[in-house]
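Student: I have a structure here, written as structure tokens, and I will follow up with some questions on it.
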Amino acid sequence: MIPFMGELSIKIKIADREYPMKVKPEDEEVLRSAGKVLNDRIKELRNTFRIDDRQDLLAMVAFDSMVRLTQQTTEKEKLEELCDQELGRLHQLVDLVLNE
């Protein structure tokens with residue numbers, strides 16, 4: 001099968017298993033990097049907790065990834081709220097100066 005124009009056929013190896021996929025050339029580096037991060041995390045968990053079951057390792061990596069994503073989302077929301085508050089204060093100061 002010939003990939004659509006502009007797509008690359010690549011294989012990403014995760015937990016000793018290859019996954020073929022068709023990707024845009026500009027996405028290839030991100031996907032390969034994500035695969036490397038997953039494999040590094042799997043290896044780290046395997047060595048730390050002495051777990052050999054692939055399904056358990058993948059579940060732990062998925063859970064850990066969701067915990068990190070949730071933490072980052074929460075931190076981002078807090079930061080956005082602080083920025084909105086500071087922008088509101090700056091807006092008030094500008095209004096004060098302009099109305100004097």
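Student: Need the failing condition index for G6 against (1) in a loop (DSSP other than H, G, I, E, B); (2) under 14 Å from the mean Cα position of the chain (by Cα), just the number.
Tutor: It fails just one condition, (2).
Student: Return the only residue of L79, L87, L58 being aliphatic (A, V, I, L, M) and in contact (Cβ under 8 Å) with a residue 12 or more places away in the chain.
Tutor: The unique qualifying residue is L58.
Student: From the residues in the stretch 47-86 that are surrounded by 10 or more Cβ atoms within 10 Å (Cβ to Cβ) and hydroxyl-bearing (S, T, Y), which one is farthest from G35 (Cα to Cα)?
Tutor: T74
Student: Evaluate the stretch 23-39: report whether one residue or more is in a loop (DSSP other than H, G, I, E, B) and under 30 Å from S9 (Cβ atoms).
Tutor: yes
Student: I'd like the full set of residues that are more than 18 Å from the chain's Cα centre (by Cα) and either outside any helix (DSSP H, G or I) or not aliphatic (A, V, I, L, M) (or both), limited to the stretch 45-78.
Tutor: R46, N47, T48, F49, R50, I51, D52, D53, R54, Q55, D56, K78
All of the numbers you see were taken from the coordinates with simple rules; none came from a lab. Computed from a predicted structure; not experimentally measured. Glycine also receives a Cβ, built like all others from the backbone with ideal geometry; neighbour counts cover every protein chain displayed.
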